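Below is one structure; the comments refer to it alone.
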Amino acid sequence: MNAQIIVTPTGERLAILPEADYLALVEASDDASDREAVRRFRAALASGEEEAIPSEMVDRILAGESPVRVWREHRGLTAQALAEAAGLASSYVSQIETGKRDGTVDTLVKLADALGVLVDDLIPAPTAA
């Protein structure tokens with residue numbers, strides 16, 4: 001690395017380096033950040049704080065299917081069992097799954113708790129305009 005040090009009239013020291021060297025430093029920093037993010041994720045996955053999910057689930061949710069239904073089926077629950085676990089009427093859960101009702105924040109919190117996911121995981125994917 002070829003850096004040139006210059007001193008400004010106020011005494012501040014500045015390092016000047018070739019653009020290629022600068023870009024290499026930026027890339028190395030990005031790589032280190034990426035490695036750390038992967039390390040943190042793997043640790044969280046190993047401790048059970050994170051969960052890997054099949055790509056088919058993601059595809060279904062991105063295609064517009066109800067995240068509540070997708071997670072319920074992934075957990076192997078019937079709609080009735082989910083409703084009971086969340087303390088909700090099964091008809092209400094059914095309406096949320098079919099998109100006839102959105103569900104209140106309180107309802108989504110109950111469903112998320114029953115499914116063992118974050119509320120954010122139950123927010124439907126945005127539809128294209």
Practice problem: Tell me which of these G64 doesn't satisfy, since it passes every other one: (1) free of Cβ contacts under 8 Å to residues at least 24 places away in the same chain; (2) within 21 Å of the chain's Cα centre (by Cα). | Solution: (1)
Quiz item: Taking the stretch 74-88, which residues are loosely packed, with under 14 Cβ neighbours inside 10 Å and part of a helix (DSSP H, G or I)?
Solution: Q80
Quiz item: Which one of the conditions (1) assigned to a loop (DSSP other than H, G, I, E, B); (2) at pLDDT 95 or above; (3) not aromatic (F, W, Y) does L108 fail to meet, given that it meets all the rest?
Solution: (1)
Quiz item: Somewhere in the stretch 33-50, is a residue β-branched (V, I, T), assigned to a helix (DSSP H, G or I) and loosely packed, with under 12 Cβ neighbours inside 10 Å?
Solution: yes
Quiz prompt | Members of the stretch 107-122 found to be aliphatic (A, V, I, L, M) and surrounded by 13 or more Cβ atoms within 10 Å (Cβ to Cβ), listed by number | solution = L108, V109, L111, A112, A114, L115, V117, V119, L122
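Yes/no matrix, rows are residues, columns are (1) within 15 Å of I123 (Cα to Cα); (2) surrounded by fewer than 18 Cβ atoms within 10 Å (Cβ to Cβ):
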position: V68; (1), (2): yes, no
position: R72; (1), (2): yes, no
position: S90; (1), (2): no, yes
position: V105; (1), (2): yes, yes
Quiz item: Exactly one of (1) more than 13 Å from A114 (Cα to Cα); (2) touching a residue at least 40 places away in the same chain (Cβ under 8 Å) is unmet by R75. Its number?
Solution: (1)
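The values are calculated or read from the model by the stated rules, or taken from the named source; none is laboratory data. Since this is a predicted model, take the numbers as computed values, not measurements. All Cβ positions, even for glycine, are placed from backbone atoms using ideal geometry, and neighbour counts span all protein chains on display.
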